[in-house]
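Here the structure comes first, spelled out in structure tokens, and everything after it is commentary.
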Amino acid sequence: KIEPEELTLEIGESATVTVACTPLKYLKYYSPGYANRNDAVIDVECIGGYNYNYYSTDPPTFRITAKAGGEATFDYFATVNGEVTVVTCHVTVPYVEDDYDGETDGHKWVDLGLPSGIKWATCNIGTDYSTQVGPLLEWGEGENDPVKVNWGGDWRMPTEADAQELRDNTTYEWISYHGVPGAKFTSKINGKSIFLAADERYYGIYLT
């Protein structure tokens, strides 16, 4: 069996997964291997016991690294006398919510205390978190504004003037936020901040 069969990790936590066999002596007859159901979500490394290159009677142990907001299945399989046995560990890493001050029409925003009174959304259209890349690929105005079309209400794309106000009233630093590179803009007025992913487009251009 695999221990544990269900694994839930918070951001920054780690755990090991061990495959146990009873009786233990049968381990040396195994032809072991492992697979990820979704390589984009989890990565698996054998850190103890045997792997593809050698055999051992020590129970195999694995290090699993999963992305925030990720959910995937790690399969361990072994072949004994031509029969394949598979044991599975289901791995989940819940996403930590971004800080926000309020919510309008189902979308969260942060109040940076800007002179204009504009509130900045915590994420882009088509996404749930600031680290996700959204389909902001066009410019629009008025009723054709892609944010207004998708989100409704008074939501709209930022203008260059909005972006300039953001730059004038914040300090920024390049950071890695939940494993995603980007810039953290911190308000000079009230100390609150937003994160903009580096490979996302804002007001018609890439942040970088």
*How many residues does region 78-87 hold that are surrounded by 15 or more Cβ atoms within 10 Å (Cβ to Cβ) and modelled with pLDDT of 75 or more?*
1
*Given (1) exposed (fewer than 12 other Cβ atoms within 10 Å of the Cβ); (2) in contact with a helix residue (DSSP H, G or I) (Cβ under 6 Å, 6 or more places away or on another chain), where does residue 156 come up short, assuming only one miss?*
(1)
*Just to be sure, is residue 172 within 23 Å of residue 102 (Cα to Cα), at pLDDT below 85, in contact with a Ser or Thr (Cβ under 9 Å, 6 or more places away or on another chain) and open to solvent by 30 Å² or more (accessible area, probe 1.4 Å)?*
no
*asked:* Please verify whether residue 205 is open to solvent by 60 Å² or more (accessible area, probe 1.4 Å) and modelled with pLDDT of 85 or more, treating the condition exactly as stated.
replied: no
*How do the pairs read when you match residues in region 169-189 that are farther than 28 Å from residue 65 by Cα with residues anywhere that are open to solvent by 80 Å² or more (accessible area, probe 1.4 Å) and not β-branched (Val, Ile, Thr), using Cβ under 7 Å and keeping only pairs 6 or more apart or on different chains?*
169/188; 170/188; 171/188; 185/172
*Residue match in region 115-128 (condition: among the aliphatic types (A, V, I, L, M), surrounded by 12 or more Cβ atoms within 10 Å (Cβ to Cβ), modelled with pLDDT of 80 or more and over 27 Å from the mean Cα position of the chain (by Cα))*: yes
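The values are calculated or read from the model by the stated rules, or taken from the named source; none is laboratory data. Computed from a predicted structure; not experimentally measured. Because the Cβ atoms are built from the backbone with ideal geometry, glycine has one as well, and the counts that use them run over all protein chains shown. Remember, those area values only see protein heavy atoms, side chains included, never the ligands or the DNA or RNA. Shrake-Rupley method; radii C 1.70, N 1.55, O 1.52, S 1.80 Å.
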